[in-house]
Amino acid sequence: MSVMVDAPAIELGDVGMSFALPDGVLEVLRGITLTVRQGEFVSLLGPSGCGKSTLLRVIADILPPTQGHAAVLGASPAEARRTRALGMVFQQPVLLPWLSAEENVALPLRIGGWGAHHTPSASPEALLRLVGLEGFNRAHPRQLSGGMQQRVAIARALVSDPKVLLMDEPFGALDAITRDRLNEELLRIWGQVRRTVVFVTHSIAEAVYLSMRVVVMSPRPARIRKIVEIDLPYPRQPKMKDTPEFTRYSAELRAALEDAS
Amino acid sequence: MTAGPAAAPVRGAEAAAASPVASRALDRDNPARRTLLSLLGILAVLALWQAVMVVFKVPHFIAATPLETAGALRDQAKTLAINAWPTILETIGGFVAGNVIAIVIAIGFVHNRTFRHTVYPLAVAVRTLPIVAISPILVLLLGNGYAPKIAIAALITFFPTLVNMVDGLNAVDAQAQELMHVLSATKWEVFRYLRWPTSLPYLFSALRIASTASLLGAIVAEWIGSNKGLGYLILAATYDYRTPLLYATMAVASALALALFGVISLLENYLVPWRRTGGTP
């Protein structure tokens, strides 16, 4: 493993991304420079379709940037991916419908024989317990609600002990009540596993409530407009949402977003 | 581990979808009721058919009544069985050969673009040839035995399976592919864990079509040149005006097709439980 223990979790230097389309070039990202410390919870906030998901895919080595460079734990994203330093949760749960919840969580251990060469700190069963799905080990995705499926996806992302968890609007497709509940759960899980989290969202409240820092992005081509430190103590409580500080942060982010669009 | 998801504690807002099966199995979808209704439908048609034949005094050599057909099924059981056997062999042989070739080629298509661009148009071209026209050609090439019949049954099943299988193997979700990429899965692992299971519902849709089509292929092939088989029996009974035997042969052929269809549906329910089609005929 050539990932470095004391390196920043993520370093982006002047990252740019353009896609060649039949009728020209689509520039999605421009000049993104950002450092995420280890153990930090950072949200990328921006309007839909601005390119925040693309940025996440650059970090995950799904898309190579057309400009600049990206590093995860001091190594290239490809290296980080191969050593399973990265875990990813998508907008949809993307569970395999023919596998049970526990088998879905264990999938990363089967691929590449990972489980045979490494001892994960938590078994798939323990992870299902961690995400609040004890007793659902043998349930199949079709028997689970959207929120429960996304919990399974989070457990799956954690099973090979990634240092960095990338989350691409993971609760965007859920109703508001389930979303609030899963925000609580995510903070509780994060409090226990303390990984670096990069969380993409277009909800201001979600970004403020979860994050240590919120990165506000402009519409396409996405640039970093503002980085706001959220100086609220953890563990966070739902009642914090009614405090003047919370409202002030929300207003600040909203202003930055409006400025951006 | 508790008895199942429905028995375990569920949490507030998320519990809604946890037991989707329980509330659905009410009167209307009751399997016994459904079977009864379809049997009643068949009985009604048979009764009407018998009545029309008797009332309008239709001669025996033009059309047989349900009762005459039943009589032929009983009296000619041995002839029917002797001739059903080769047709069964040809159908199953053609079904297996045609589908295996189609699946293998579809897998090749998905993994090799050049292969796909070379062979797909060829496969489509073969499809456009009318099966009735190819049959004599194959009989000339392959002789009078089982081979041309199996070849034709295979040919007729090949195309639907190929097309469905290519679609099925490509029907993988984009995010699922990204997941596989993040996990650094090899091409083989993507196939084994993602593409192949994703394609199974598509494959079974094709197999259900192929099950009846392969029987059709075998019968058509027997018309061209054969002295046994259900196809042969159909021709012989027609020329001899043994109309009840003709009808009985049709009944046997139809029962065979249904049986094959049923086996495929059972297999599907067993192998693809995450997508039950409810394909009761």
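Please treat every number below as a calculation from the coordinates, not as lab data. None of the values given here were measured: they were computed from a predicted structure. Heads up, the Cβs are rebuilt from the backbone with ideal geometry, glycines too, and the neighbour counts pull from every protein chain shown.
Charge tally around B:L162: other residues with Cβ under 15 Å, Lys/Arg +1 each, Asp/Glu -1 each, net +1.
On the basis of the beta-carbon distance and an R0 of 25 Å, B:V100 and B:K228 show a calculated FRET efficiency of 0.45. Round to the nearest 0.05 the FRET efficiency obtained for B:W274 and A:D231 when R0 = 41 Å and r is the Cβ-Cβ distance. The calculated FRET efficiency here is 0.30. Put in line by how crowded their Cβ is, counting other Cβ atoms within 10 Å and starting with the fewest, B:L142, B:L43 read B:L43, B:L142. Inverting the pair-averaged 1/r between distinct Cα atoms of the stretch B:172-236 gives 15.0 Å as its Kirkwood hydrodynamic radius.
Once the Cα-Cα distance is subtracted from the 0.36 nm per residue extended length, the A:T33 to A:E184 segment shows a gain of 51.4 nm.
For a straight C-alpha distance cut-off of 16 angstrom, the aspartates and glutamates reachable from B:K57 (same-chain residues fewer than eight places away being disregarded) are B:E68. Taking all C-alpha pairs of the protein assembly as shown, those more than 33 Å from each other amount to 57 percent. Gain on full extension, evaluated as 0.36 nm per residue between A:A173 and A:S48 minus their Cα-Cα distance, stands at 43.7 nm. Overall shape of chain B was characterised from the C-alpha gyration tensor. The equivalent ellipsoid obtained from it has semi-axes of 42, 31, 13 Å, in decreasing order.
Stokes-Einstein diffusion for the stretch B:88-226 at 25 °C, viscosity 0.890 mPa s, with a Kirkwood radius from C-alpha pairs, works out to 154 µm²/s. Placing a pseudo-label 7 Å from each Cα along the Cα-to-Cβ vector at B:M250 and B:W188 gives an inter-label distance of 5.3 nm.
Residues A:S48, B:S214, A:S123, arranged from fewest to most other Cβ atoms within 10 angstrom of their Cβ, appear as A:S48, A:S123, B:S214.
Applied to the stretch B:157-174, the Karplus parametrisation 6.51 cos²θ - 1.76 cosθ + 1.60 on θ = phi - 60° returns per-residue 3J(HN,Hα) values of 8, 4, 5, x, 5, 4, 4, 5, 5, 4, 4, x, 5, 8, 7, 6, 4, 4 Hz, with x for Gly and Pro. Inter-chain Cβ neighbour count for A:134-146, averaged per residue, equals 5 (cutoff 10 Å, partner chain atoms only).
If you take the square roots of the eigenvalues of the alpha-carbon gyration tensor of chain A and sort them as a ≥ b ≥ c, do you get rounded (a/c under 1.5), prolate (a/b over b/c) or oblate? Oblate, because a/c is 1.5 or more while a/b does not exceed b/c. Dividing the summed -39500 (n - 2.57) terms of all DSSP H runs of n ≥ 4 by the residue count of chain B sets its mean residue ellipticity at 222 nm at -24500 deg cm²/dmol. So for the pair B:L258, A:M240, with labels modelled 7 Å out along Cα→Cβ, what separation do we get in nm? Label at B:L258, label at A:M240, 6.7 nm between them.
So which lysines can B:K149 reach, going by Cα to Cα under 29 Å and dropping same-chain residues fewer than 8 places off? Reachable lysines: B:K78, B:K228.
P(r) for the stretch A:83-161: what percent of alpha-carbon pairs falls in each 10 Å bin, starting at zero? With 10 Å bins starting at 0, P(r) equals 21, 57, 21, 1.
Working from the Cα coordinates of the stretch B:153-265, the gyration tensor eigenvalues give, after taking √(5λ), semi-axes of 44, 12, 8 Å in decreasing order.
Partners of A:K52 within straight-line reach, counting lysines whose Cα lies under 20 Å from its Cα and excluding those fewer than 8 residues away in the same chain: A:K226. Indicate the gyration tensor shape class of the stretch B:98-143 (rounded, prolate or oblate), computed on the Cα atoms with a ≥ b ≥ c the square roots of the eigenvalues: a/c under 1.5 is rounded; otherwise a/b larger than b/c is prolate and the rest oblate. The shape class here is prolate. Loop-resident trypsin sites (Lys or Arg not before Pro) (DSSP state other than H, G, I, E or B) in the stretch B:30-123 with no more than 15 further Cβ atoms inside 10 Å of their Cβ: B:K57.
Test of the criteria: in the stretch A:2-83, which trypsin sites (Lys or Arg not before Pro) are in a DSSP loop and have at most 16 other Cβ atoms within 10 angstrom of their Cβ?
Working: sites: A:R30, A:R37, A:K52, A:R57, A:R81, A:R82; in loops: A:R37.
Loop-located and lightly packed - A:R37.
Taking amide H as placed 1.01 Å from N in the peptide plane, A:K226 has its amide H under 5 Å from the amide H of A:V216, each at least 5 places away in sequence or on another chain.
Separation of the stretch B:55-127 and the stretch B:185-240, taken as the distance between their Cα centroids, equals 6 angstrom. Any idea what % of Cα-Cα pairs in the stretch A:1-114 are farther than 19 Å? When every Cα pair of the stretch A:1-114 is considered, 54 percent fall beyond 19 Å.
Filter the chymotrypsin sites (Phe, Trp or Tyr not before Pro) in the stretch B:185-250 down to the DSSP loop ones having no more than 10 other Cβ atoms within 10 Å, then list what survives. Passing both the DSSP loop test and the Cβ count: no residue.
Dimensions of the stretch A:117-229 along the principal axes, based on C-alpha atoms and rounded to the nearest Å, stand at 45, 34, 24, largest first.
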